[in-house]
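Note sheet for the following structure.
The values are calculated or read from the model by the stated rules, or taken from the named source; none is laboratory data. These numbers come from a predicted model, not from an experiment. Virtual Cβ from ideal backbone geometry, glycine too; neighbours counted across all protein chains shown.
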Amino acid sequence: MNGRILAIDPGEKRIGIALSDPTGTIASPFRVLEHVSRLVDAAQIAGIATENGAIKIIVGQALDSEGQAGPSARKAGRLAEAIQAQTQLPVELWDESCSTEQAQDVRIQMGVNRSRRREHLDDLAAAIILQSYLDAHRQIEEN
């Protein structure tokens, strides 16, 4: 897979955004958007993807332990549809279960003190979602 991929971690108040390197191998936190409305958010995300030369947009969707979509997953699906209406890029949902917890663990491993660990994890969670997507697709390509 060659080309940048943009991933988002949609939340109630903020949307974390991550971007891959041009080879589609390494995910990095990019920025955090404040949630405005589904249509405004979708337009901003589509614009960021275009400005950064993304070839695909991944939307994190938290599934329950049985792989079913709950209320937040359905909300992510509606956001993905709104983004798709704003761009010609492919938009794909990807299971983001536990990405925020993993982001907290990363901060602990990095030695970030307890008070700073509570700061926004949205862009780091988006990077974890994106790295999971990239790793899974690299394994498929290698087999």
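With the condition kept exactly as written, say whether any residue in the stretch 110-127 is surrounded by fewer than 20 Cβ atoms within 10 Å (Cβ to Cβ), modelled with pLDDT under 90, in contact with a Leu (Cβ under 7 Å, 6 or more places away or on another chain) and β-branched (Val, Ile, Thr).
No; the residues of the stretch 110-127 include none that is surrounded by fewer than 20 Cβ atoms within 10 Å (Cβ to Cβ), modelled with pLDDT under 90, in contact with a Leu (Cβ under 7 Å, 6 or more places away or on another chain) and β-branched (Val, Ile, Thr).
Given the residues GLY16, GLY60, GLY67, which is the only one that is exposed (fewer than 13 other Cβ atoms within 10 Å of the Cβ) and either not polar (S, T, N, Q) or not in a loop (DSSP other than H, G, I, E, B) (or both)?
When all the criteria are applied, what remains is GLY67.
Yes or no: the stretch 41-54 includes at least one residue that is under 14 Å from ALA82 (Cβ atoms), at pLDDT 95 or above and loosely packed, with under 14 Cβ neighbours inside 10 Å.
Yes: one or more hits.
Just to be sure, is THR87 part of a helix (DSSP H, G or I), at pLDDT 95 or above and either among the polar types (S, T, N, Q) or touching a Gly at 6+ places or on another chain (Cβ under 6 Å) (or both)?
When the stated conditions are applied, THR87 does not pass them.
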